[in-house]
Number of protein chains: 2
Amino acid sequence: MNPITRVAVVGGTHGNELTGIYLVKKFEQLPHLIRRSSFESIALLANPKAYELRRRYVDLDLNRCFRPQDLENPHLTSYEALQAKKIYQDLTANQTEQIGLLMDLHSTTANMGMTLILNHQHPFNLHLAAHLAAVYPEVKFYRWAQAEQDSPFLRSIYPLGCAIEVGPVAQGLLDAHLFRQTEALIHTILDYVEAYNRGQLFPTKETLTVYQCVQTIDYPRDGLGTMQAMIHPNLQSRDYEPLYPGDPMFLTFEGETIVYEGESILYPVFINEAAYYEKGIAMCLTHKELVTL
Amino acid sequence: MNPITRVAVVGGTHGNELTGIYLVKKFEQLPHLIRRSSFESIALLANPKAYELRRRYVDLDLNRCFRPQDLENPHLTSYEALQAKKIYQDLTANQTEQIGLLMDLHSTTANMGMTLILNHQHPFNLHLAAHLAAVYPEVKFYRWAQAEQDSPFLRSIYPLGCAIEVGPVAQGLLDAHLFRQTEALIHTILDYVEAYNRGQLFPTKETLTVYQCVQTIDYPRDGLGTMQAMIHPNLQSRDYEPLYPGDPMFLTFEGETIVYEGESILYPVFINEAAYYEKGIAMCLTHKELVTL
């Protein structure tokens, strides 16, 4: 692979996830912090209008607007659809034969600690992840189930990169500890790209533990879609811990426990993510997989 | 004092604080749960439109719309101003010579556990609080600095009652543990009112610890109002713990610590409440006071 020529640090894809927004503001004011000698660095606030309104989005979730067919569809004219086209054009301008890496900074109300969401199967991403796993043993690696060629996510603009999810943190506020952890992770990624471009090799492990989403679970609902239960207290905040058949999953408002009826041990993440209530996702069940690099 | 004739349990004064909203939905479906023999019970969802939009409010904070002069002002026509007038009319209809008690259910992103916010100096409220303190030693009691005669809060519709704040919980999600704790507290209050109406006396302590707000502190900001710092990690989640002169208070985005420069020991609460960023409140500093009943 050729050298990486451009690295984009994107925050505020969701306007109420302040960690990434304030990091991008910082990098805009102090651009030398993300500058390295071998590539161009860009800091981008992705959804400024949603941030101004203190909301996740204005019309619809910006981080579901980046399917290639949607970017080319002139009939999509919501604020976020237009913003997605603008971001795509800005980030891919003058990019012929260039290689970009993108970090999209998110936060979650789930107890997911520091999580890297890997988008592509590109070997570089896996080696970067393995390096981060060596530096930060507490960082987890997650993959959605979606097919790669049709990804709606902002981070899929570039072949390389990831989303960084940090939590638990409520929407609309800053947690200084998570702010600093995220910032440290960004610098480690920038340094890794710089070393890669200079032909330096980091020795890394040969395997990486990846949590692969295999199923999303909705809250129990009645015929009108009204929620009938909440995450069971025994499951709350237990992201990345094994869920065994028969374990409590939900608690109805009347106090009845609903158990996990699957047949295999899975690892729930995004447990009780506030932004996913409207998406019909109470949690994502993952396989814990050992990927060989 | 005459018997209490009506008790209102209000949720969703803020449309993204789901604990109270789902408790009210439950009580609407199962009204016998809040029914007692000696008074009328009402469950009320205060801001249904904001709840539908998954937001704190539509136009402005409903819980600042209940000043007597605002309720009588025909020129105030925002959604929340009109909703406040409607709620006031509904809750005070046929109330001549009657006495009402109101519980307004809120949640906070601050680590405040179970907190009762006392509105009035009415002796009944203090005795109720002392009873709750005996049943639930972990419950805290808080008072805002505002003068009573000009209260903008929904709970001030009735002479008796309180707001119940539970946290930490992110906006827009349900925490089953806090849901159940809040429900238990409501039942204890209902039982107390029932016992009072029946002339039963609960022996309570003669004193009550109350955290009295004496000052609110804003985030450090530049001339344009842009935040320059976040809550210091050492202070995060330390609600109700003593803050000593010289203790870290904020951390700038560049990593500089800003300390508490006051001269007396105070007890911060509402530390890093997401809804208060726009109000210019990073925390409320309180005096810890021993009130004699």
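Quick notes on this structure:
- Evaluated against (1) more than 12 Å from chain A (Cβ to nearest Cβ); (2) within 30 Å of B:LYS205 (Cβ to Cβ); (3) modelled with pLDDT of 95 or more, B:LEU293 falls short on exactly one condition, (3).
- Qualifying residue in the range B:182-200 (condition: within 25 Å of A:ALA274 (Cβ to Cβ), touching a strand residue (DSSP E or B) at 6+ places or on another chain (Cβ under 7 Å) and among the aliphatic types (A, V, I, L, M)): yes
- Once the range B:279-290 is narrowed to residues that are open to solvent by less than 10 Å² (accessible area, probe 1.4 Å) and within 14 Å of chain A (Cβ to nearest Cβ), the residue that is farthest from B:VAL166 (Cα to Cα) is B:ALA282.
- Within the set A:HIS75, A:HIS32, the sole residue that is more than 22 Å from the chain's Cα centre (by Cα) and either aromatic (Phe, Trp, Tyr) or within 14 Å of chain B (Cβ to nearest Cβ) (or both) turns out to be A:HIS32.
Matching residues to (1) within 23 Å of A:LYS26 (Cβ to Cβ); (2) within 14 Å of chain B (Cβ to nearest Cβ); (3) crowded, with 19+ Cβ neighbours inside 10 Å:
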| site | (1), (2), (3) |
| --- | --- |
| A:LEU154 | yes, no, yes |
| A:GLY172 | yes, yes, yes |
| A:ALA176 | yes, yes, yes |
| A:PHE179 | yes, yes, yes |
| A:ILE186 | yes, yes, yes |
| A:ILE189 | yes, no, yes |
| A:GLU206 | no, no, no |
| A:THR209 | no, no, no |
| A:MET230 | no, yes, yes |
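- Test: residue in the range A:7-24 that is open to solvent by 20 Å² or more (accessible area, probe 1.4 Å) and either free of Cβ contacts under 8 Å to residues at least 60 places away in the same chain or away from chain B (no Cβ under 12 Å) (or both): no
- A Cβ distance below 9 Å, combined with a sequence gap of six or more or placement on separate chains, defines the contacts here; from the range A:255-278, residues that are within 12 Å of chain B (Cβ to nearest Cβ) reach residues that are polar (S, T, N, Q) and assigned to a strand (DSSP E or B) in the pairs A:ILE258/A:THR252; A:PHE270/A:THR216; A:TYR276/A:THR216.
- Selected residue (only one of B:GLN89, B:GLN98 is more than 14 Å from every other protein chain (Cβ to nearest Cβ), in contact (Cβ under 8 Å) with a residue 12 or more places away in the chain and open to solvent by 60 Å² or more (accessible area, probe 1.4 Å)): B:GLN98
- Wholly enclosed helices (runs of 4 or more DSSP H) of the range B:1-81 bearing at least 3 residues closer than 16 Å to B:HIS187 by Cβ: B:18-29
- Of the residues contained in the range A:55-65, one or more are found to be touching a strand residue (DSSP E or B) at 6+ places or on another chain (Cβ under 9 Å) and assigned by TED's automatic domain parsing to the domain that holds A:ARG180.
- Residue within the range A:60-68 that is surrounded by fewer than 17 Cβ atoms within 10 Å (Cβ to Cβ), within 14 Å of chain B (Cβ to nearest Cβ) and more than 20 Å from A:GLY20 (Cα to Cα) present: no
- Qualifying position, being away from chain A (no Cβ under 13 Å) and modelled with pLDDT of 95 or more, among B:GLY167, B:GLY161, B:GLY246: B:GLY246
- Flag if B:GLN236 is in contact (Cβ under 8 Å) with a residue 24 or more places away in the chain, among the polar types (S, T, N, Q) and within 14 Å of another protein chain (Cβ to nearest Cβ): yes
- Of the criteria (1) surrounded by 13 or more Cβ atoms within 10 Å (Cβ to Cβ); (2) outside the structural domain of A:HIS14 (by TED's automatic domain parsing); (3) polar (S, T, N, Q), which one A:SER264 fails: (1)
- Residues being in a loop (DSSP other than H, G, I, E, B) and touching a residue at least 12 places away in the same chain (Cβ under 8 Å) - total across the range B:170-217: 11
- Remark: A:ILE217 falls outside the filter, which requires a residue to be surrounded by 14 or more Cβ atoms within 10 Å (Cβ to Cβ) and within 12 Å of another protein chain (Cβ to nearest Cβ).
- The lone exception for A:GLU40 - which of (1) in contact (Cβ under 8 Å) with a residue 24 or more places away in the chain; (2) within 28 Å of B:ILE231 (Cα to Cα) it fails: (2)
- Qualifying residue in the range B:129-144 (condition: more than 14 Å from every other protein chain (Cβ to nearest Cβ), under 16 Å from the mean Cα position of the chain (by Cα) and within 24 Å of B:ILE87 (Cα to Cα)): yes
The values are calculated or read from the model by the stated rules, or taken from the named source; none is laboratory data. Computed from a predicted model, the values in this text were never measured in an experiment. Glycine gets a Cβ as well: all are built from the backbone with ideal geometry, and neighbour counts include every protein chain shown. Accessible surface is based on the protein model in full, side chains and every heavy atom, while ligands, DNA and RNA are left aside. Shrake-Rupley method; radii C 1.70, N 1.55, O 1.52, S 1.80 Å.
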